[in-house]
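One structure is given here, and the rest of the page talks about it.
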Amino acid sequence: ASCPVQVIHARSRVDQPIRVMVAVDGSPDSEAAIKSVISRSWRPGTVIQLVTVIDANDKRTDRIPTLFRDEWPVQHDADAGEWVCGWIDQASAKLRQSGVEVAQHILEGKPATVLRQHLLDWKTDLLFLGGRGLDHGNRQGLGALSSTLLKEGLCSLVLAKETNPSAR
């Protein structure tokens, strides 16, 4: 789809502010997820978390994508953790400029496991996620994490995809 795909589930906590999580990994599709959040109007009190998971087994900077390289000089970073801190701060700033309050979380572990647990622990109402992450090998379908979370149906989900082919 050339626009975000939304899968909506009924909320059980309708009397409380909506909890929105934006899962990012630096991929073009996660940037599309951020843009999708920015393009919407949010009710006062909406809580937005920007979350990334650093795979504990893979912290090499040579795997970092080019999405934020103009804004954050990867070649000077000691490891992926330092790079992630830089771009998640920049992504948070973009969201704040649109008028929303943002909390950011940098978690560590296996992305699917850690993100799933964080979704449940925080009682997330709506997750924005890129359709494909960093390791998609130019496949056109959904990535493994997106597919898993879509199948599990833990919360409402918006899958975003970068529409500019040169960004891939």
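The values are calculated or read from the model by the stated rules, or taken from the named source; none is laboratory data. Quantities reported herein were computed from a predicted structural model and do not represent experimental measurements. Cβ: placed from backbone, ideal geometry, glycine included. Neighbour counts: every protein chain shown. Please note that ligands, DNA and RNA were not included when accessible areas were found on the heavy atoms of the full protein model with its side chains. Shrake-Rupley method; radii C 1.70, N 1.55, O 1.52, S 1.80 Å.
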Exercise for review: Could I have the simple spin-label model distance between ILE38 and GLN97, label points 7 Å from Cα toward Cβ, reported in nm to one decimal?
Suggested key: 0.6 nm
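When only the heavy atoms of the protein chains count and the probe is 1.4 Å, how do CYS155, CYS85 rank by accessible area, highest first? Before the final figure, lay out each step's value.
Values: CYS155 15, CYS85 65 Å².
Greatest to least solvent exposure: CYS85, CYS155.
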Exercise for review: Pop a pseudo-label 7 angstrom from the Cα along the beta-carbon direction at both GLN16 and GLN117 and give the gap in nm to one decimal.
Suggested key: 2.1 nm
Check your understanding: How much accessible surface area, in Å² rounded to 10, belongs to the heavy atoms of LYS123 with a 1.4 Å probe?
Key -> 120 Å²
Review point. Each label point is 7 Å from the Cα along the Cα-to-Cβ direction; what then is the distance between the points at THR46 and ASN164, in nm?
Key: 2.4 nm
